[in-house]
Amino acid sequence: MKNKFLLGVLALVLMVGSFFAGIYFERQKIKKEVLNQNSQISPTPQTSPTQQKLTVVEVTDGDTLKLSDSKVFRLYGVNAPEKNEPYFKESVEFTKSLVLNKEITFEQEEKYREDKFGRLLGYVFVDEKHLNLELVKAGLAKVVLYEKRAKIKYQDELLGAENEAKIKKIGIWSL
């Protein structure tokens, strides 16, 4: 009787131990996959965990750039006019004037590093200017936020710039 009880307790301990070990190893597997994905996304050795430098070789539209490593970069948190929309050409020219054939530094959000089209996502800096913010200030892009996502890094600055452009009726806000 005593042996059956001990055998039952041992079996229970093994089952509980196996359950928690499974959880632990599954978490380690997920961490490893995330690290592998992040290293595949990174176009160059990083200057910091979220900052990278490359040259812009083409401006597709006001918020989309082609980089010297052939990857496509989409400005995060903003949306510039699309073709056949008012201020499309102005947003493209504005972006070209700031970044075309120049080395940029870009930062990426930890969670949202790539969109569903495989484009890198983030914030672009050139000559101490923040491109995402400059487009919004000039009235050539709207701020885009997603309700269910956490606050983005430059959200307050972007929303402030958008509000100012709306008040001044600049660019897309003049329509």
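The values are calculated or read from the model by the stated rules, or taken from the named source; none is laboratory data. Owing to the predicted nature of the structure, the values given are computational and were not obtained by experimental measurement. Cβ sites come from the backbone with ideal geometry, for glycine too, and all protein chains shown count toward neighbours.
Observations, loosely collected:
- Restricting region 66-94 to residues that are touching a residue at least 24 places away in the same chain (Cβ under 8 Å) and assigned to a strand (DSSP E or B), the residue that is farthest from LEU145 (Cα to Cα) is LEU67.
- Hits in region 47-65 - residues which are under 17 Å from ASN132 (Cα atoms) and in a strand (DSSP E or B): GLN51, GLN52, LYS53, LEU54, THR55, VAL56, GLU58, VAL59, THR60, ASP61, THR64, LEU65
- Of the residues making up region 110-166, those that are of a type in the set (Gly, Ala, Ser), within 18 Å of the chain's Cα centre (by Cα) and assigned to a loop (DSSP other than H, G, I, E, B) are GLY118, ALA141, ALA150.
- Set side by side, the residues GLU147, GLU157 differ, and just one is at pLDDT 95 or above and not β-branched (Val, Ile, Thr), which is GLU157.
- Within the set ARG74, ARG113, ARG119, the sole residue that is in the same structural domain as GLU164 (by TED's automatic domain parsing), touching a helix residue (DSSP H, G or I) at 6+ places or on another chain (Cβ under 9 Å) and not aliphatic (A, V, I, L, M) turns out to be ARG113.
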